[in-house]
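What follows is a single structure, written as structure tokens, with notes after it.
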Amino acid sequence: MIYNLFVVLALVLNEQSINEEVIEWEDTVQLNWSDFKGRPQNFGDVVALTSSGISYKFSVKEDRHKVTDFNVQVQAHFYPKRSWFHKKRASDHILAHEQLHFDITELYARKFRKEITLLKISKNIKRDLESVYKRIINEMAIEQSTYDLETKHSMDAKSQSDWNKRIKDALKVYNDYKNPNK
């Protein structure tokens, strides 16, 4: 039996992640096996590991020590050097499964962007933003695990097809929250 594995890496930008190679999610670009640059690990039947996550950075505008505005940039990333596959066991089917993990990451980046639009400007904006971020990351981790369980790590073709449609439709629902820089 062939399995793949997903790891969620949720990173707030810091010195370590700023210099790390990343691929930003784009609706016109699909992952290729050449994007998986990590050294394959031996985890039994695991064929591939996708490392993706959501990062954000923000700025606050103040006037007389009062927060008057804020700006947040949110990105869904794929981390090539943390992602890997076993060449002899890889297939287009498994790559499509891995792509959907990245698509789920983008879906939750869009959900995060939507929630940001609902935040009120206040002196607590940093705390409020971090709270929403942590909740979104937790929800995304649950969704990623559910995806692997229900598709049996891509082995259940019917469930995989259902998930493909489900995520494609959800991305359309949140289309207004695509990365405005793309």
Quick check, is N181 among the polar types (S, T, N, Q) and either open to solvent by 60 Å² or more (accessible area, probe 1.4 Å) or within 16 Å of the chain's Cα centre (by Cα) (or both)? yes
Of all the residues that make up the stretch 63-105, how many are of a type outside the set (K, R) and farther than 30 Å from N42 by Cβ? 11
Can you pull out every residue in the stretch 122-137 that is within 24 Å of D63 (Cβ to Cβ), outside any loop (DSSP other than H, G, I, E, B) and open to solvent by 50 Å² or more (accessible area, probe 1.4 Å)? K126, R127, E130
Every listed condition ((1) more than 17 Å from N164 (Cβ to Cβ); (2) open to solvent by 40 Å² or more (accessible area, probe 1.4 Å); (3) at pLDDT 95 or above) holds for D92 save (1)
From (1) under 20 Å from S55 (Cβ atoms); (2) outside any loop (DSSP other than H, G, I, E, B); (3) under 15 Å from the mean Cα position of the chain (by Cα); (4) in contact (Cβ under 8 Å) with a residue 24 or more places away in the chain, pick out the condition that doesn't hold for I167. (1)
Reported set for the stretch 138-178 where residues are farther than 30 Å from N71 by Cα, at pLDDT 95 or above, surrounded by 18 or more Cβ atoms within 10 Å (Cβ to Cβ) and hydroxyl-bearing (S, T, Y) is Y147
Quick check: anything in the stretch 77-99 within 27 Å of K172 (Cα to Cα) and in a strand (DSSP E or B)? yes
Go through the stretch 23-62 and give me each residue that's open to solvent by 30 Å² or more (accessible area, probe 1.4 Å) and either without any contact (Cβ under 8 Å) to a residue 12 or more places away in the chain or part of a strand (DSSP E or B) (or both). I23, E24, T28, V29, S34, N42, K57, F58, S59, V60, K61, E62
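The values are calculated or read from the model by the stated rules, or taken from the named source; none is laboratory data. Just so you know, these numbers come straight off a predicted model, no measurement behind them. So basically every Cβ, Gly included, is an ideal-geometry build from the backbone, and we count neighbours across all protein chains shown. Note: areas computed on protein heavy atoms with side chains; ligands, DNA, RNA excluded. Shrake-Rupley method; radii C 1.70, N 1.55, O 1.52, S 1.80 Å.
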